[in-house]
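The values are calculated or read from the model by the stated rules, or taken from the named source; none is laboratory data. Note that this is a predicted model, so its numbers are computed, not measured. Positions of Cβ are backbone-derived with ideal geometry, glycine not excepted, and every protein chain shown enters the neighbour counts. To get the accessible areas, we keep the full protein, side chains included, count just its heavy atoms, and leave off ligands, DNA and RNA. Shrake-Rupley method; radii C 1.70, N 1.55, O 1.52, S 1.80 Å.
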Amino acid sequence: MAAWTHDETDWIAANPGASYEAFRGAGFASRTYDAYRVKTQSVRRTGLGLTAAHVPPATAPRRAEWVPWDVPPAEGVAADLDDELGSALLDVIRAKEVVGDLVAPTDVVNFAPDDALPFAVAFTGDWHLGAAGVDVDRLVADLTDLAGAEGCWVVGMGDYLEGVNLHVKAASSLYSGAVSDGDGQEALFLRVASLVPQGKWLALVAGNHDEWLMRHGGLSRVSRIGRTLGVTTFPQGGGTIRVCSLDDDAEVLGEWRVGVAHTHRGRSTINTTNEQRRMFDSWPAWENCDVLVVGHLHYPEVHRTPRKGRLVSYVRSGTYKLRDAYARDHNFAPMAGVPVAIFRPDGPTPLVFDSHHDALPVLAAMRQHYALQREAA
């Protein structure tokens, strides 16, 4: 078929929505209906074929002039109805918007300690309370350590509860569960999590086990737990923690961004930190992150790599479900570990450890050193 001429494409552009019969009546009878239909869609989508007279000004995007259809606002829809029904429709729409605002998940937490000393953020998750094989003694001991560490705050990385139900992993988990009742698992979580004082929790990230109830019951366990504890919660997709070090006059000494999510796309068994690499590339926060943390795979890991001219830390938190039939059958080796990032007022790059057992003594020594320096000054 012959190439489309400028006259043909200009006519289509100048007569959006015109019928095939009108096109033929304008003197373009050599084109089939299918060819005309496809070309019309192409011109509407791209603006191709416009002559100089039809091209929008350079300051306006060409595609903005070509909208396939107009979607009226909600008020326009209601105006077409009688007053009573139109008003009711608007009430429903606006009520839905208000409810949506109330339950919209938080995606950013801003945090600044009240001194100019080094401080730390620890990442703990995949407790799986309620499952068999969970080392609760180790969990209690670790949370007690974090709670007693001066200058250390805590982020939960998800999967605090086993969360199984009749629709998910029933055979493999319900039969071997230690506490299969959902209310019992929540009660156990609240008791254990309360070992860390309320002010020390920065956020709780939801995990897939926690949120199975949302899929089948429309309820978010982590949101409810967060409200009980007075702690900010993030969805499974995570959120950003903006941490800042201030001097005594509230002047900024250092700023960092920590991206946390239970899991992220891009998982690889060859490059085990590919998830965090993809997080850095696609994270919705405007600023690039200095530390990116995920959980889910039940082993701790820390990797530092240069990104955009500075060192960035890729981190994964460990688990407390150490005797796991699923892991055994699939050749995984669960490992405990609470990674910790230490932020220094005069240090642009956080120091990241794969275990709080290594990090907390370093944090204590650094805080003492900085305090002595301030006294000497």
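Observations, loosely collected:
- HN-Hα J in Hz across the stretch 29-41 - Karplus 6.51, -1.76, 1.60, θ = phi - 60°, x for Gly and Pro: 8, 7, 9, 7, 4, 4, 5, 5, 4, 5, 5, 4, 5
- When peptides 108-117, 124-133 are sorted by average Cβ neighbour count within 10 Å, with the highest value leading, the order is 124-133, 108-117.
- Accessible area per residue for the stretch 246-295, computed on protein heavy atoms with a 1.4 Å probe, is 51 Å².
- At R0 = 41 Å, FRET efficiency that the Cβ-Cβ distance of residue 247 and residue 278 yields, to 0.05: 0.70
- Residue 349 versus residue 88: modelled label distance in nm, points set 7 Å from Cα along the beta carbon direction: 6.5 nm
- For the stretch 368-373, Karplus couplings with θ = phi - 60° (6.51, -1.76, 1.60), whole Hz, Gly/Pro x: 5, 4, 5, 5, 5, 4
- Residue 22-residue 368 pseudo-label distance in nm [points 7 Å out on the Cα-to-Cβ vector]: 8.5 nm
- If a spin label sat at a point 7 angstrom from the Cα of residue 147 along the line to its beta carbon, the backbone N atoms of the stretch 180-212 nearer than 18 Å would be those of 186-204.
- Working from Cα pairs under 8 Å separated by at least six residues, relative contact order for the stretch 228-377 is 16 percent.
- Taking a Cβ cut-off of under 12 Å around residue 33, the surrounding Lys, Arg, Asp and Glu residues balance to a net charge of +2, with basic ones at +1 and acidic ones at -1.
- According to the Kirkwood relation over distinct C-alpha pairs, the hydrodynamic radius of the stretch 210-332 is 16.6 Å.
- Extension gain, residue 376 back to residue 287 (0.36 nm per residue minus Cα-Cα distance, nm): 28.4 nm
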